[in-house]
Amino acid sequence: MNDWDTIAAIATALGESSVGIVRISGPEAIRIVDKVFTGKKRLETVASHTVHYGHIRKFSTGDIIDEGLVLVMRSPRSYTAEDVVEVQCHGGIVAIRRVLETILEAGARLAEPGEFTKRAFLNGRIDLSQAEAVIDVIRAKTDTAMQVALKQVEGSLSQEIRLLRQKLIELLAHIEVTIDYPEHDVEDVTVRRVIQDGEVAIERIQRILHGARHGRILREGLKTVIVGQPNVGKSSLLNRLSRTERAIVTDIPGTTRDILEESVNIRGIPLTILDTAGIRETEDVVEKIGVERSREAIQDADLTVVVLDGSKPLSATDEDLLQIASKRMSIVIVNKADLGSAVSLDQIGQYMPVERIVHTSIKTGIGLENFEDLVEELFLGGQIEQKDATYATNVRHIALLEQAKTQLSEAVQSAQMGMTLDLVAVDVKNAWSTLGEVIGKEVGEDLLDQIFSQFCLGK
Ligand code: GDP
Ligand code: ZN
């Protein structure tokens, strides 16, 4: 165990909850809290993992600041593997800051962002991919994203990577032995094994990377565009979705102010509705930006929603949009059902399978449920619930996995082309160490600092 000082920080999001937690970690954690907390017993005498009620006092004056609960977790059974004390008080910003202040006065140092998690990592409590997943937990926009992130904390990605590395080590051992005892028939066997095992490993990495796409969607939101002729109900749809789901309107830094993205949450799936088409700005998107611009937006999107006015016959523009959207993941909304139906389903059916067509009256709210059902069906499809799914949700992980895949392909190719086993071994070794970087086996201090500085304070 490393011998560090004792750190403290507010561990709950300010202003978001009714209970505030100050977390203290380090060799002096319990003694420091004892200096400012009066309960039935001195905390130094209590058992690990017990909760105590009492008063928190100002260190310098002894005045009572707040009452609260104190949770004591002794090393190594704590988040950081050090002695950890959590002080729960009445969450208001002022109260919790005062509690933190008195703890700092009593001898703790204010933690740097991510320092608790960094300690957990350096003390061997969690590996790097788990630590990074903690960042995702903090940032998770929805419950579903939270679950995936938590799963990573629990180590499903790490486990998969460890398994892969184990296999590569076995393969390397095999190659080394063959190099040391070069008999021709053994070499053939080894070459075949490199090709076989290499391909299996590539396949596994491929699967993780495939899951990564899903992971990105959960983190950044499903890029969604709404297209349709003027007056069909696009803005109304966006308003409905954002009003009922409490949209956050954000400016994207570094872009012009008029590009907005709106986050809405449908059944736990975050949708980022890109208003590049200016749904908010100009009321007649298609006329203003033309079918060509819609085409571009559709190309970039994960999901396209084509809105039609069902009370009117399909126009040529409607058909153009349907044609473009049919090549991508899309849903057709036939709106204004309350005004009767003039549009022919057969006609839409030429472009889009029936199960992707929803009838709505956005004005009255009819049919929106079905739209949400469909979004859920298309993008979750039960896959998220899959117990063994491994998601790489982190850009750094994805880049490393891609790299390892390339290195393995090179090993396989070298083997197929009859290169010497020494050369093959180098590629396998590289892939092994690249995979190690994902779980933090081979990282330098710089990278560590960079990763941990992304954390909120208190984690
Ligand atoms: P946009 O130009 O495609 O964004 O269309 P808007 O959302 O601005 O809607 C145009 C008009 O259609 C507005 O007056 C809406 O109130 C109306 N509208 C939208 N949805 C419906 C609907 O389901 N039924 C009826 N009757 N009117 C609707
Ligand atoms: Zn509009």
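The values are calculated or read from the model by the stated rules, or taken from the named source; none is laboratory data. Everything numeric in this text was worked out from a predicted model, so none of it was measured. Here the Cβ positions follow ideal geometry from the backbone for every residue, glycine too, while neighbour counts run over all protein chains shown.
Residues of the stretch 186-237 that are in a helix (DSSP H, G or I), at pLDDT 80 or above and within 16 Å of ligand 2 (Cβ to nearest atom): K234, S236, L237. Please state which of the following conditions S78 fails to meet, knowing it meets all the rest: (1) under 39 Å from the mean Cα position of the chain (by Cα); (2) part of a strand (DSSP E or B). For S78, the failing item is (2). I269 - would you say it is at pLDDT 70 or above and either among the hydrophobic types (A, V, I, L, M, F, W, C) or more than 16 Å from ligand 2 (Cβ to nearest atom) (or both)? Spelling it out, I269 is indeed at pLDDT 70 or above and either among the hydrophobic types (A, V, I, L, M, F, W, C) or more than 16 Å from ligand 2 (Cβ to nearest atom) (or both).
Of all the residues in the stretch 291-336, those that are free of Cβ contacts under 8 Å to residues at least 60 places away in the same chain, more than 34 Å from the chain's Cα centre (by Cα) and either in a strand (DSSP E or B) or within 12 Å of ligand 1 (Cβ to nearest atom) (or both) number 3. Being among the aliphatic types (A, V, I, L, M) and part of a helix (DSSP H, G or I) holds for only one residue in I65, I32, and it is I32.
Out of the residues in the stretch 324-343 meeting the condition of being among the aliphatic types (A, V, I, L, M) and in contact with a Ser or Thr (Cβ under 6 Å, 6 or more places away or on another chain), tell me which one is farthest from ligand 2 (Cβ to nearest atom). Spell out the reasoning first.
Initial filter on the stretch 324-343 (among the aliphatic types (A, V, I, L, M)): 324-325, 329, 331-334, 337, 339, 342-343.
When the remaining residues are screened for being in contact with a Ser or Thr (Cβ under 6 Å, 6 or more places away or on another chain), the result is 325, 333, 337, 339, 342.
On the way: A325: 18, I333: 14, A337: 18, L339: 17, A342: 21 Å.
My answer is A342.
To keep it simple, each residue is scored yes or no on (1) within 21 Å of I7 (Cα to Cα); (2) acidic (D, E); (3) touching an Asp or Glu at 6+ places or on another chain (Cβ under 9 Å).
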residue	(1), (2), (3)
A29	yes, no, yes
V36	yes, no, yes
L43	yes, no, yes
A47	no, no, no
D63	no, yes, no
V72	yes, no, yes
S75	yes, no, yes
Y79	yes, no, no
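Contact map, the stretch 351-373: first residue at positive phi, second residue within 16 Å of ligand 2 (Cβ to nearest atom) and part of a loop (DSSP other than H, G, I, E, B), Cβ cut-off under 9 Å, separation 6 or more or different chains; pairs are G367/T360.
Can you find even one residue in the stretch 448-457 that is at pLDDT 60 or above, among the small types (G, A, S) and outside any loop (DSSP other than H, G, I, E, B)? Taking every residue of the stretch 448-457 in turn, none turns out to be at pLDDT 60 or above, among the small types (G, A, S) and outside any loop (DSSP other than H, G, I, E, B). Look at D346 and say whether it is of a type in the set (D, E) and more than 16 Å from ligand 2 (Cβ to nearest atom). Yes; evaluated as a whole, the condition is true for this residue. Checked against (1) in a loop (DSSP other than H, G, I, E, B); (2) on the phi < 0 side of the Ramachandran plot, G107 meets all criteria but (2). For beta carbons closer than 7 Å, sequence separation of 6+ or different chains, a first residue in the stretch 28-47 that is over 15 Å from R74 (Cβ atoms) and in contact (Cβ under 8 Å) with a residue 24 or more places away in the chain and a second that is among the small types (G, A, S) and surrounded by fewer than 22 Cβ atoms within 10 Å (Cβ to Cβ), the qualifying pairs are F37/G54; G39/G54.
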